[in-house]
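Okay, structure first, notes after.
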């Protein structure tokens, strides 16, 4: 009995230490946003009184509100578009199953091995010819249909019972009705998982926006952060404040959807 309690205590102690180590970088980032650059370089771990000063300096150097809005708008549009197209494709690949679709899915998975840098120049030339530079459309187009999101929905659709579809067809429900009224509610955890992954990828995207978002009014938070680092001297208090503002939307979304996120990951890997 004593040995069992000791093992349980050690287990919780290990998990507590691991959790503190994982959370510490976030704590240090938020605390550093309230300190001066010298305090940050000195490793100060307590909140300071320089938050307002850092915010005023950040507002003077960059239009943070505009960059946050651009990032939020682009990420939401990219996420919604990717979920719609990815879920329909994943549903179709599994429910209307045949060898041809399996072969096509194999090619899609192979496309994940192609680095984005290899297709970046052709994409930029296409966007330029379509006069879509500095637009949300240019930002979203390369992420409209990703092989990973399609594969995630396809794996989850395998647990959608075929008997339910057959019963709905007998009752006269259309294929679109089956997808909207039956498949989507059942797969809400998969939608949450795919939504978080897509939103984070879109929000943190740097290379593609750096090329296509050339106007200052269209730039996103990663581009603003890169400009704050440029130069001979970096104000780390100001930089940490900008980083803190940048990660807040992701933290909020993950905290709201974390339960469904875990369920979706488990369901897709069964």
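The values are calculated or read from the model by the stated rules, or taken from the named source; none is laboratory data. All values reported here derive from a predicted model rather than from experimental measurement. Every residue, glycine among them, receives a Cβ derived from its backbone with ideal geometry; neighbour counts consider all protein chains shown.
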Which of (1) surrounded by fewer than 21 Cβ atoms within 10 Å (Cβ to Cβ); (2) in a helix (DSSP H, G or I); (3) more than 19 Å from the chain's Cα centre (by Cα) is the odd one out, the single condition residue 160 does not satisfy? (2)
Check the stretch 207-222 and report whether any residue there is at pLDDT 85 or above and farther than 30 Å from residue 63 by Cβ. no
Residue check for residue 225: in a helix (DSSP H, G or I) and over 18 Å from the mean Cα position of the chain (by Cα): no
Give the stretch 12-47 a look and list any residue that's touching a residue at least 40 places away in the same chain (Cβ under 8 Å) and farther than 16 Å from residue 247 by Cβ, or say none. 35, 36, 37, 39, 40, 41
Out of the stretch 21-32, which residues are surrounded by 10 or more Cβ atoms within 10 Å (Cβ to Cβ) and either farther than 30 Å from residue 237 by Cβ or within 24 Å of the chain's Cα centre (by Cα) (or both)? 23, 24, 26, 27, 28, 29, 30
Filter pass, residue 131 being in a helix (DSSP H, G or I) and at pLDDT 85 or above: no
On the given criteria, is residue 123 at pLDDT 85 or above, surrounded by fewer than 17 Cβ atoms within 10 Å (Cβ to Cβ), out of contact with any strand residue (DSSP E or B) (no Cβ under 8 Å at 6 or more places or on another chain) and within 30 Å of residue 248 (Cα to Cα)? no
Looking for something farther than 30 Å from residue 50 by Cα, without any contact (Cβ under 8 Å) to a residue 24 or more places away in the chain and surrounded by fewer than 16 Cβ atoms within 10 Å (Cβ to Cβ) - is there at least one such residue anywhere in the stretch 216-228? no
For the stretch 246-270, give me each residue that is at pLDDT below 65, in a helix (DSSP H, G or I) and either at positive phi or loosely packed, with under 11 Cβ neighbours inside 10 Å (or both). 269
Residues satisfying the stated conditions in the stretch 17-62, i.e. closer than 30 Å to residue 218 by Cβ, assigned to a loop (DSSP other than H, G, I, E, B) and at pLDDT 90 or above: 33
Taking the condition under 27 Å from residue 35 (Cβ atoms), part of a helix (DSSP H, G or I), out of contact with any helix residue (DSSP H, G or I) (no Cβ under 7 Å at 6 or more places or on another chain) and modelled with pLDDT of 90 or more, does residue 243 pass? no
